[in-house]
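This report refers to the structure that appears directly beneath it.
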Amino acid sequence: MIGLLVALLFIILFSFFQGIVYLIHGTTPAKEAKKKMEKIKNSSIVRKFFAQKQITLKKMGAGVLLKDQMTVSQWYLYKGMMAGLLGMICFFVMEGLLKSDMAKTVSILVAVIGWFFLDIILRAQNRSSNDDMMPDIMEMSRSVLYGKRGGQYIADALKDAVIVVENKRLKTALMRLRNDLDGGRSLNDCLDELEMSFSNGEISAFCTVIKSLQSTGQVDEALRTLENNIEREQVSVNKKRCLMLEHKTMMYVIFIAMDILAMILYCIIMKLLQLQIGF
């Protein structure tokens, strides 16, 4: 406790004298901090890191699954808040209520877990979203295929594909694609944007097929091949879901069996105690 008070006093005194220096130079701590942040952001390494992280967040669906138009700065702000909140709660519980000597160590470990908590949630949601959208990817492929057979241009067929899609994340991306096409953006750029919005091999394959074959007009066979691949993937996803359901069912059976066994053992023990008291 004394160490914390000393550290706090040092921070207050340092901030006070720093404020005096800033006043002498005609500036403020906020302005100086803003200048330093701009200098850091303008460095090539930081710009590259932020750009790569923004692409990763976009591919993982952070803008749809967690928050609209999430930036890298917001992402790390939320991670820091989560780590600090969990760490403080753990410290106050262990130090104030449990009086544990391991409060600091455990709080640091909990804060580290809290820092990676959003990453775990986002990856799990992205994996689940990719599995859930597989039927919609098939419907999207069929819609484009049937539209092309009916004499539509590929761009128009892609615009209409949003009607048959129900998955929120995929529908949002297709609506953005349609708006971009209506705004005069090229089809290749729109497909690049669509592919960049997902970490999904089937969507990447779909975009690659459309981009490479849109000028030849021989899209039908390629889309049928893609559709067959997606159907095989859907079979794999269904098998995985069946296995998960079997595992959950098995766990429920085990828990019920353990509850019944515990009740039987309790009855036996109580009966033995009654017999012992009787003797």
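We did not get these values from a lab; they are worked out from the coordinates using the rules stated. Here the structure is a predicted model, which means the values were calculated and not measured. All Cβ positions, glycine included, derive from the backbone under ideal geometry; neighbour counts span all protein chains shown.
In the set (1) crowded, with 16+ Cβ neighbours inside 10 Å; (2) aliphatic (A, V, I, L, M); (3) within 24 Å of Met244 (Cα to Cα), the condition left unmet by Val209 is number (3).
Within segment 69-95, can you find the residues that are without any contact (Cβ under 8 Å) to a residue 24 or more places away in the chain and surrounded by fewer than 16 Cβ atoms within 10 Å (Cβ to Cβ)?
Taking segment 69-95 and keeping what is without any contact (Cβ under 8 Å) to a residue 24 or more places away in the chain, we get 69-74, 76-77, 81, 88-95.
Selection gives Gln69, Thr71, Ser73, Gln74, Tyr76, Leu77, Met81, Met88, Ile89, Phe92, Val93.
Restricted to segment 196-208, and to residues there that are farther than 16 Å from Val165 by Cβ and of a type outside the set (A, V, I, L, M), the residue that is nearest to the chain's Cα centre (by Cα) is Ser199. Residues satisfying the criterion are present in segment 129-138 (criterion: crowded, with 18+ Cβ neighbours inside 10 Å, in contact (Cβ under 8 Å) with a residue 40 or more places away in the chain and not in a helix (DSSP H, G or I)).
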